[in-house]
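Peer 1: Following this message is one structure expressed as structure tokens.
Rule-based calculations on the coordinates, nothing more; no lab input. What you are looking at is a predicted structure, and each value in this text was computed from that prediction instead of being measured. Don't worry about glycine lacking a Cβ; one is built from the backbone with ideal geometry, like all the others, and counts go over all protein chains shown.
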């Protein structure tokens with residue numbers, strides 16, 4: 001029998017299959033420093049931009065134009081173009097905001113928490129999950145800003161010395177939200193950019209075009225891979241991960257305070273923070289799967305984003321989905337157990353009220369269908385995973401709709417009850433942000449390395465220093 | 001007029017991390033101190049082989065976090081109690097529990113900004129020009145090659161002697177780095 005060369009040996013533990021040979025490796029065998037570098041950087045530098053990229057980017061840009069049209073019309077007319085009314089003052093806008101912010105959580109979770117837990121499989125997916133976070137947070141920010149009705153005064157939310165001598169109300173969760181979301185956006189951007197620096201240096205050194213060399217060179221800031229630099233770099237990266245970990249938990253906690261601090265039936269509960277955070281991770285991983293599956297297929301990245309990644313993400317989805325299901329159960333139980341008739345009415349109204357179909361669709365999408373992930377055959381089937389991830393994305397959107405609209409439309413006084421129906425502009429703004437998200441993602445895939453090249457190098461067996 | 005070129009140092013190229021760490025260790029043992037090693041990914045052993053010290057970065061991050069936290073809380077206290085006191089349902093003006101979320105966020109923001117800016121500042125980045133980039137093959141330092149550069153400012157540096165020493169380390173190539 002011929003000896004298998006070292007470079008063809010499977011990756012060492014903990015990246016290698018742990019539970020028998022049935023668990024696939026984190027990286028396909030046979031890669032070296034050059035092949036990893038070339039394969040990932042070629043997507044940006046040398047491979048011809050595929051036709052579907054132009055098609056996809058074109059569609060995404062069309063939807064972005066729809067967003068711009070919707071927002072322009074909104075600015076000229078007012079938020080009356082949406083279906084919002086009294087009593088349903090928060091509707092699609094805040095639903096979409098919470099949905100996008102939730103999606104944004106997976107990026108930082110994968111980058112920071114999994115880094116601290118030494119889950120090295122995260123390496124292949126952290127870069128684009130972080131990019132996804134940034135784009136999702138950008139989409140999220142659109143909604144509260146335009147929901148103010150006078151978005152050109154949105155800076156009033158920040159504390160700054162002004163001639164009116166006014167200061168923000170720091171006892172309000174809405175101001176906490178401003179700080180939480182803007183801090184989250186800033187720290188996610190820093191984390192993403194710091195992670196990119198060494199890869200930008202790789203692109204600078206490998207780019208054939210003078211323009212590319214200049215742009216990547218400026219962004220790489222003269223990175224040269226010095227050992228002293230790497231040492232501080234790694235310290236900084238770990239510290240940032242340590243800072244981002246409590247941050248990511250705090251952001252959706254603060255978002256849940258927007259509701260939990262209010263005395264609306266169905267909102268005023270202490271389970272909201274943990275249940276929102278679990279829901280955020282759930283939807284975030286669903287979105288990472290939704291994006292990773294087509295991306296690995298069209299760019300033939302099956303070597304780097306292996307079945308191991310898809311299965312791990314499916315497992316995270318299963319666990320967080322169960323936490324979310326537990327949240328739904330506790331919500332209904334406490335509503336009944338509290339003995340408060342207004343609280344007790346909330347679950348009944350959800351299950352049997354005018355929006356009952358939305359509620360049951362939510363249960364179907366978020367609780368029933370994801371149980372299929374218990375089965376290995378489902379977790380190893382790429383198309384099924386893709387479909388489940390789409391369903392969870394929809395389910396998490398429905399969850400926010402149920403929490404927001406169904407609590408507001410019937411609170412204490414039946415005389416002030418009302419109904420909400422979305423208008424064309426509600427839908428166009430939601431679809432428009434999806435377009436913006438995809439357009440940014442397409443640009444990212446085209447111009448930046450979507451997988452962290454230097455971290456992939458460290459995963460190779462030849463990266464180990466022998467004593 | 002042609003500018004006189006001075007030698008920044010001598011650079012040896014290696015093909016794998018193990019040889020680079022071994023070479024760096026030997027250079028350190030031989031008494032060289034002004035040197036740097038370049039690799040396409042972080043190598044913990046390399047930092048130790050260079051005999052380098054701990055970084056001050058954690059302290060900078062701590063200070064950044066403290067400034068963020070104290071600044072955030074002070075801003076809330078000052079604006080809610082002194083600059084713009086509002087009586088809301090008879091709640092105390094200094095309602096500190098409500099000030100904690102923002103204090104937390106500004107702490108993280110201060111620490112994260114200090115972390116990234118501190119790391120860049122300690123590393124001397126952005127640095128548009130550095131002599132090592134004059135070596136054409138150095139472009140591979142961001143791909144698959146490993147470099148050790150002994151700088152001419154080292155008291156033990158001597159163009160002939162150091163080159164001879166580097167040759168004993170079995171590098172793939174030795175290049176003179178022009179300043």
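Peer 1: With springs connecting C-alpha atoms under 10 Å apart, model chain B as a Gaussian network and identify which of B:101, B:17, B:40 has the largest mean-square fluctuation.
Peer 2: B:101
Peer 1: Once the Cα atoms of helix A:227-260 and of chain A are each reduced to a long axis, what angle between those two axes, in degrees from 0 to 90 to the nearest 10, is obtained?
Peer 2: 20 degrees
Peer 1: When a/c reaches 1.5 or more, the comparison of a/b and b/c decides; with that in mind, is the stretch A:22-115 rounded, prolate or oblate per its Cα gyration tensor?
Peer 2: Details: a/c = 4.11, a/b = 1.84, b/c = 2.23.
It comes out oblate by the Cα gyration axes.
Peer 1: I'd like the mean, over residues of A:157-165, of how many other protein chain beta carbons sit within 10 Å of each residue's own Cβ.
Peer 2: Neighbouring Cβ atoms belonging to other protein chains average 1 per residue here.
Peer 1: Here's another thing I want to ask about it. Whole number please: convex hull volume per residue of the Cα set in the stretch A:178-264, in Å³?
Peer 2: Considering the Cα atoms of the stretch A:178-264, their hull volume per residue is 104 Å³.
Peer 1: Follow-up question, since we're still on this one. With only alpha-carbon atoms counted, please give the Rg and Dmax of the stretch B:12-95, in Å.
Peer 2: Final numbers for Rg and Dmax: 25.8, 75 Å.
Peer 1: Another one. Report the rotationally averaged projected area of the protein assembly as shown based on its alpha-carbon convex hull, in square nanometres.
Peer 2: 35.4 nm²
Peer 1: Same structure again: Mind running the shape call on the stretch A:87-165? Use the C-alpha gyration tensor, a ≥ b ≥ c as the square roots of the eigenvalues: rounded below 1.5 for a/c, prolate if a/b tops b/c, oblate otherwise.
Peer 2: The shape class here is prolate.
Peer 1: Another question about this same structure. Under the rule of -39500 (n - 2.57) per DSSP H run of 4 or more residues, summed and divided by the residues of the protein assembly as shown, what mean residue ellipticity at 222 nm is obtained, to the nearest 500 deg cm²/dmol?
Peer 2: Computed mean residue ellipticity for the protein assembly as shown: -20000 deg cm²/dmol.
Peer 1: Here's something else I'd like to know. Of the candidates B:19, B:142, B:95, which one comes out as most mobile in a Gaussian network treatment of chain B with C-alpha springs shorter than 10 Å?
Peer 2: Most flexible of the set in this elastic network: B:95.
Peer 1: Moving on to the next point. Taking all pairs of different Cα atoms in the stretch A:394-467, averaging 1/r and flipping that mean, what Kirkwood radius in angstroms comes out?
Peer 2: 17.4 Å
Peer 1: So, how do all the Cα-to-Cα distances of the stretch A:66-199 break down into 5 Å bins, in percent, from 0 on up?
Peer 2: 2, 9, 16, 18, 16, 15, 11, 7, 5, 2, 0
Peer 1: Compute the relative contact order of the stretch B:50-179 as a whole-number percentage, counting only Cα pairs closer than 8 Å that sit 6 or more residues apart in sequence.
Peer 2: About 27 percent, as a whole number.
Peer 1: Rounded to the nearest 10 degrees, what's the angle between the helix B:57-77 long axis and the longest principal axis of chain B, both from Cα atoms, 0 to 90?
Peer 2: Rounded to the nearest ten degrees, it is 20.
Peer 1: Report the rotationally averaged projected area of chain B based on its alpha-carbon convex hull, in square nanometres.
Peer 2: One quarter of the hull surface, i.e. the mean projection, equals 15.8 nm².
Peer 1: Consider all pairwise Cα distances in the stretch A:335-467 and report the whole-number % of them above 18 Å. Don't skip to the end; give the middle numbers.
Peer 2: Numbers: 6395 of 8778 pairs.
In whole percent, the share of Cα-Cα pairs in the stretch A:335-467 beyond 18 Å is 73.
Peer 1: While we're looking at this one, here's another question. Calculate the tail of P(r) for the stretch A:217-346: the fraction of all Cα-Cα distances greater than 26 Å, expressed in %.
Peer 2: Numbers: 4169 of 8385 pairs.
Summing the P(r) of the stretch A:217-346 above 26 Å gives 50 percent of all pairs.
Peer 1: Also: Provide the gained length on full extension for the span residue B:129 to residue B:28, in nm with one decimal, where the gain is 0.36 nm per separating residue minus the Cα-Cα distance.
Peer 2: Length gained between residue B:129 and residue B:28: 33.7 nm.
Peer 1: Using alpha-carbon pairs under 8 Å, 6+ residues apart, how would you state the relative contact order of chain A in percent?
Peer 2: Rounded, it is 31 percent for chain A.
Peer 1: Also, I was wondering about something else. Per residue and in cubic angstrom, what volume does the convex hull of the Cα atoms of the stretch B:51-127 have?
Peer 2: Hull volume over Cα atoms, normalised by residue count, gives 89 Å³.
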